[in-house]
Amino acid sequence: MKDILKHLQIPHNGDLPPNQWVNNDIKPVESSRRTWTFWTYHNFSVLLGLNISNYMTGSSLIAMGLTWRQALAAIITGNVISVAVLLANSLPGAFYHIGFPLANRYVWGLYGSLFVLWNRILLSIVWYSFQAWIGGECVYVCLQAIWPSIETRIPNNMPPSTGMSTAQFVSYIIFMFISLPVIYIRPHKLQAFFYISASIIALFIIAILAWALSTMGDTGFESTISSVDSGDSGWKIAFAIVSTIGGMAAGILNNDDYSRFGRKPHDVIWGQLIGIPVYGILCAAVGIVVTAATQNRYGEALWNLPNLLSAVMKHGGSGSRAAAFFGGVALTISQVGLNVPANALAGGFDLAATFPKYINLRRGAYITVAMSVACNPWKLVNTATTFLTVLSSYSVFLAPMIGSMISAYVLVMRQKIKVEDLFPNHHTESIYWYTYGVNWRAPVAWVCGIVPSLPGFVVTIDPSITVPVALTRMYYICFLTGAAISAIVFTVLHCIFPASGVQSFVKTAPASEVLMREYRQQWDNSHSVEALVEEPDKA
């Protein structure tokens with residue numbers, strides 16, 4: 001058994017002693033892997049913004065009772081707030097080149113950070129499953145364009161309770177296999193894939209908008225963007241804003257995993273500052289306009305892009321089938337570009353940090369994919385489950401984590417991090433050991449951040465429960481209140497009950513700019529992952 005475990009161990013960089021806290025995929029990034037430029041972050045933002053989930057944002061807000069103007073205003077406000085919080089939480093990665101697992105250790109403690117990682121791993125697995133099923137729907141469009149009779153070509157042996165056909169399941173499996181080669185690519189080598197996939201999805205969005213408007217006819221936009229304000233929409237708009245932010249909460253939490261690959265900090269900041277809100281807002285606006293322009297033609301508002309492409313094929317000829325095929329290809333590529341970095345790689349990083357001796361990024365990413373199948377995504381998508389409602393509202397629990405991370409870096413640590421103590425040889429030597437490996441201030445701040453929103457959260461799960469209106473409205477702004485409360489409590493607790501090791505380091509360490517420069521030089525003198533994997537003896 002010992003020989004087997006030894007064989008499964010991940011090789012370590014010679015500059016870092018092997019221990020339970022670090023491996024090559026979660027260590028600080030050296031210059032050879034800091035390859036993401038402004039355009040890399042811009043193109044990644046295109047994939048995060050121009051996707052089916054964002055396209056459908058308007059549908060949920062309009063169904064909530066908002067007019068299209070109110071929905072669009074909420075989307076714009078939510079995206080602006082999101083990018084501000086995201087950039088604030090990406091600073092440790094941009095300047096110290098450390099990822100999300102390491103950054104959480106100075107917040108929660110060496111062992112306490114595992115709680116945050118486990119939460120993020122769960123989200124990675126489930127959301128990979130969910131987005132992969134949507135990707136399968138895009139593949140199904142392509143197959144349907146080639147073989148309109150695909151449902152008879154592939155006999156359906158699935159029971160009705162699954163909510164899917166055998167052809168749909170086959171499409172899902174095809175998408176899963178398409179994603180596997182992309183997962184194998186190391187993050188610092190994804191630039192070419194980002195360029196290609198971002199260009200394809202951007203062209204598709206422009207094409208479908210132009211097609212919808214040019215073929216709309218004299219019927220106009222009908223009810224989708226001619227609805228009237230029903231009144232009492234103030235709190236609905238607030239909830240819509242926070243819902244928009246909440247959709248990005250998981251990505252905001254672990255953004256250090258990507259900001260650490262930035263060539264320069266301003267590449268990280270400007271690439272995301274320009275890209276994320278622009279494309280997120282644009283995609284939601286296009287979703288509203290295209291749905292409004294096509295609803296009279298097809299007799300209903302088709303918010304789901306794969307469904308819209310299927311309708312195009314149903315009501316058109318061979319030319320429509322060709323257009324739907326290429327549209328399905330574009331959406332499939334978009335889903336791969338979104339799902340692999342946002343979920344597969346995110347889960348890979350966190351699993352690598354949880355078991356650094358045995359799991360590296362690639363192993364962790366493939367484990368995430370394998371475990372996602374167990375989530376039965378066809379059930380999540382095709383049935384209204386309480387589980388999906390919980391996941392959609394999970395920002396209640398993520399926002400306080402984000403608030404503590406930002407306040408820890410900016411206010412408590414004053415942008416000074418003793419990086420080597422994030423992966424010590426002996427844990428008791430680390431200033432981030434705190435109390436038995438847990439910084440008790442973090443869980444206290446987290447609880448304080450979630451408590452005000454819990455009654456409203458419970459009501460969304462079980463509408464039969466009655467709570468005061470004020471508590472329901474507190475849930476409507478749960479991301480903002482949760483992050484703010486947690487940030488304040490975390491900072492105050494560190495002021496009243498300072499951690500002696502951290503406090504001493506912050507007072508005596510050089511200026512943060514000096515520390516950042518010294519650590520960058522230290523990482524640049526270390527071996528790259530490729531040197532170790534491809535030339536282990538030389539490394």
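The values are calculated or read from the model by the stated rules, or taken from the named source; none is laboratory data. Quick caveat, the model's predicted, so the values are computed rather than measured. Glycine gets a Cβ as well: all are built from the backbone with ideal geometry, and neighbour counts include every protein chain shown.
Six or more apart or on different chains, Cβ under 9 Å: which pairs go from a residue in the range 136-160 that's touching a residue at least 24 places away in the same chain (Cβ under 8 Å) and in the same structural domain as Gly327 (by TED's automatic domain parsing) to one that's assigned to a loop (DSSP other than H, G, I, E, B) and among the β-branched types (Val, Ile, Thr)? Could you list them?
These pairs meet every condition: Leu143/Ile154.
Which one is modelled with the highest pLDDT among residues in the range 1-25 that are part of a loop (DSSP other than H, G, I, E, B) and among the hydrophobic types (A, V, I, L, M, F, W, C)? It would help to see each step written out before you state the result.
First, the residues of the range 1-25 that are part of a loop (DSSP other than H, G, I, E, B): 1, 9-18, 20-21, 23-25.
Remaining after also requiring among the hydrophobic types (A, V, I, L, M, F, W, C): 1, 10, 16, 21.
Values: Met1: 72, Ile10: 75, Leu16: 56, Trp21: 85.
The extreme case among them is Trp21.
List, please: which pairs have Cβ atoms under 9 Å, are six or more places apart or on different chains, and start with a residue in the range 461-474 that is in the same structural domain as Gly234 (by TED's automatic domain parsing) and touching a residue at least 24 places away in the same chain (Cβ under 8 Å) and end with one that is part of a helix (DSSP H, G or I) and aromatic (Phe, Trp, Tyr)?
Pairs that qualify, where the first residue is in the same structural domain as Gly234 (by TED's automatic domain parsing) and touching a residue at least 24 places away in the same chain (Cβ under 8 Å) and the partner is part of a helix (DSSP H, G or I) and aromatic (Phe, Trp, Tyr), are Arg473/Trp235; Arg473/Phe239.
Report those helices (runs of 4 or more DSSP H) wholly inside the range 26-65 carrying at least 2 residues which are in contact (Cβ under 8 Å) with a residue 12 or more places away in the chain, hydrophobic (A, V, I, L, M, F, W, C) and in contact with a helix residue (DSSP H, G or I) (Cβ under 6 Å, 6 or more places away or on another chain). Talk me through it step by step, then tell me what you get.
Working: elements: 38-49, 52-55, 57-63.
Per the criteria, 38-49, 57-63.
To keep it simple, each residue is scored yes or no on (1) among the polar types (S, T, N, Q); (2) under 30 Å from Met248 (Cα atoms); (3) assigned by TED's automatic domain parsing to the domain that holds His188; (4) modelled with pLDDT under 85.
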{"site": "Ile485", "(1), (2), (3), (4)": "no, yes, yes, no"}
{"site": "Thr491", "(1), (2), (3), (4)": "yes, yes, yes, no"}
{"site": "Glu518", "(1), (2), (3), (4)": "no, no, no, no"}
{"site": "Asn525", "(1), (2), (3), (4)": "yes, no, no, yes"}
{"site": "Ala531", "(1), (2), (3), (4)": "no, no, no, yes"}
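Counting only residues that are under 26 Å from the mean Cα position of the chain (by Cα) and among the β-branched types (Val, Ile, Thr), how many does the range 292-319 have?
0
For the range 113-147, how many residues are over 26 Å from Tyr434 (Cα atoms), surrounded by 24 or more Cβ atoms within 10 Å (Cβ to Cβ) and either polar (S, T, N, Q) or touching a His at 6+ places or on another chain (Cβ under 6 Å) (or both)?
3
Anything in the range 343-373 that is in a helix (DSSP H, G or I), hydroxyl-bearing (Ser, Thr, Tyr) and modelled with pLDDT under 95? List them, or say none. Steps first, please.
Of all residues in the range 343-373, those in a helix (DSSP H, G or I) come to 343-354, 361-373.
With the extra rule that they be hydroxyl-bearing (Ser, Thr, Tyr), the set shrinks to 354, 366, 368, 372.
Matches in the range 343-373: Thr354, Ser372.
In the range 185-195, which residue that is surrounded by 13 or more Cβ atoms within 10 Å (Cβ to Cβ) and either out of contact with any Ser or Thr (no Cβ under 8 Å at 6 or more places or on another chain) or at pLDDT below 90 (or both) is nearest to Ala285 (Cα to Cα)?
Among them, the one singled out is Tyr195.
Which residue pairs have Cβ atoms closer than 8 Å, lie 6 or more positions apart in sequence or on different chains, and pair a first residue in the range 231-251 that is surrounded by 18 or more Cβ atoms within 10 Å (Cβ to Cβ) with a second residue that is of a type in the set (Lys, Arg)?
Ala250/Arg120
Would you pick out the residues in the range 421-443 that are surrounded by fewer than 16 Cβ atoms within 10 Å (Cβ to Cβ) and part of a helix (DSSP H, G or I)?
Passing the criteria: Thr428, Glu429.
Quick one: count up the residues across the range 170-185 that are in contact with a helix residue (DSSP H, G or I) (Cβ under 7 Å, 6 or more places away or on another chain) and touching a residue at least 12 places away in the same chain (Cβ under 8 Å).
From the range 170-185, those in contact with a helix residue (DSSP H, G or I) (Cβ under 7 Å, 6 or more places away or on another chain) are 171-172, 174-176, 178-179, 182-185; that's our starting set.
Then drop every residue that is not touching a residue at least 12 places away in the same chain (Cβ under 8 Å), which leaves 171-172, 174-176, 178-179, 182-184.
Matching residues across the range 170-185 total 10.
Please state which of the following conditions Trp108 fails to meet, knowing it meets all the rest: (1) closer than 25 Å to Ile196 by Cβ; (2) modelled with pLDDT of 95 or more.
Status for Trp108: all satisfied but (1).
Each row is one residue, and each column tells you yes or no for (1) over 30 Å from Arg441 (Cα atoms); (2) of a type in the set (A, V, I, L, M, F, W, C); (3) outside any helix (DSSP H, G or I); (4) touching a Lys or Arg at 6+ places or on another chain (Cβ under 9 Å).
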| residue | (1), (2), (3), (4) |
| --- | --- |
| Pro148 | yes, no, yes, yes |
| Pro155 | yes, no, yes, no |
| Phe177 | yes, yes, no, no |
| Val182 | yes, yes, no, no |
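So for the range 361-381 (the condition being in contact with a Pro (Cβ under 8 Å, 6 or more places away or on another chain) and assigned by TED's automatic domain parsing to the domain that holds Ser165), does at least one residue qualify?
Yes.
State the number of residues belonging to the range 109-121 that are within 14 Å of His427 (Cα to Cα) and assigned to a helix (DSSP H, G or I).
Start the filter on the range 109-121 by keeping residues that are within 14 Å of His427 (Cα to Cα), which leaves 109-113.
The next check asks that each one be assigned to a helix (DSSP H, G or I); those that pass are 113.
Final tally of qualifying residues: 1.
Filter the range 452-483 down to the residues that are part of a helix (DSSP H, G or I) and β-branched (Val, Ile, Thr), then identify the one that is nearest to the chain's Cα centre (by Cα). Show your work before the answer.
Filtering the range 452-483 for residues part of a helix (DSSP H, G or I) gives 452-461, 469-476, 478-483.
When the remaining residues are screened for being β-branched (Val, Ile, Thr), the result is 458-461, 469, 472, 481.
Numbers: Val458: 24, Val459: 26, Thr460: 23, Ile461: 23, Val469: 31, Thr472: 26, Thr481: 21 Å.
Within the range 452-483, the match that is nearest to the chain's Cα centre (by Cα) is Thr481.
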